[in-house]
Amino acid sequence: MQNKVKNYLVSVSVADLRRVPKERSFRNQGDRLQETQLLFNEGLKGYERNNGWVFVEAVEQKKYLSSGEWRGYPGWVRAEQLVEVDGFTKPDLCVVEPWIQVHEKPDDKSLNLIRISMGTRLTVCGEEKEWWWIGMPDGSRGAVEKRACRKVGESLVKNWREDLVMMGEKLKDAPYLWGGRSAYLPGCNASFTSVDCSSLVELLYRIQGKQLPRDAHDQFLQCHKKESNQLKLGDLVFLAETKKPFRVSHVMIYAGNDHF
């Protein structure tokens, strides 16, 4: 008899999604068992438990599977980092600053509940002046400053491509982290934080309300091809080895004037 599929929300700032139910080695930032990262309030489908771990499908991060279908990214996450819920609500906001605090009340001197990364999506349940009340995974609520968030898919400028590159400037000095998918936070003890090439792309497009697959090769599969002289701001440029031209190994964002 199959286990019932359960819905979960991530209850920590950043959670690692692992290929196997085994903790990351903090001595090795190139840990190849690291698949991706999950952000606070991110929705997951859970299928199996194993000694404190849950095998999940990260429904907000698409991946092309060997079965020939597009699904959410599969992997293992610590059960203690999840909250079981009846279903998912449509998010209203996306965090646009590298890291912000969620407060207990609309006051920057009130208790800090949790720190959350750029790209985190939130559901609004009220507002007070310069603050949004947001729903927390456990059913409670917290408050975030309006200036640090924007409505999902909203741009600060008319051209979303220009806005995407502007957002990228906030992350460009972050160190490369294999399987990372969060803004860089120096000295973070809970987890490694930062991005790899494809998660940088996915997060920046996510802020614009556009869903891209998580990995570079999968992003390549869903892109419309164009010549180099047709590039626009925000377009993606993929790299591959000469001997393996159809296996993409790196992705960059075109920033104009031959800059990436």
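Summary of computed values
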quantity: Residue check, Tyr73 in contact (Cβ under 8 Å) with a residue 12 or more places away in the chain, under 27 Å from Phe220 (Cα atoms) and in contact with a Ser or Thr (Cβ under 9 Å, 6 or more places away or on another chain); calculated: yes
quantity: All helices (runs of 4 or more DSSP H) inside region 151-242 with 1 or more residues being closer than 25 Å to Thr123 by Cα and without any contact (Cβ under 8 Å) to a residue 60 or more places away in the chain; calculated: 160-168, 197-207
quantity: Near pairs, Cβ below 9 angstrom, 6+ apart or cross-chain, from region 246-258 (in contact (Cβ under 8 Å) with a residue 24 or more places away in the chain) to any residue that is open to solvent by 60 Å² or more (accessible area, probe 1.4 Å) and assigned to a strand (DSSP E or B); calculated: Val248/Leu239; Ser249/Leu239; His250/Leu239; Val251/Leu239; Met252/Leu239
quantity: Residue tally, condition over 15 Å from Arg150 (Cα atoms) and either open to solvent by 50 Å² or more (accessible area, probe 1.4 Å) or not in a strand (DSSP E or B) (or both), over region 109-124; calculated: 6
quantity: Check on Glu48, within 21 Å of Arg18 (Cβ to Cβ), out of contact with any His (no Cβ under 7 Å at 6 or more places or on another chain) and in a helix (DSSP H, G or I); calculated: no
quantity: The lone exception for Ser155 - which of (1) over 30 Å from Met252 (Cα atoms); (2) surrounded by 17 or more Cβ atoms within 10 Å (Cβ to Cβ); (3) polar (S, T, N, Q) it fails; calculated: (1)
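The values are calculated or read from the model by the stated rules, or taken from the named source; none is laboratory data. Note that the structure is predicted; figures quoted are calculated from it, not measured. Heads up, the Cβs are rebuilt from the backbone with ideal geometry, glycines too, and the neighbour counts pull from every protein chain shown. Surface accessibility is based on the protein's heavy atoms, side chains included, excluding ligands, DNA and RNA. Shrake-Rupley method; radii C 1.70, N 1.55, O 1.52, S 1.80 Å.
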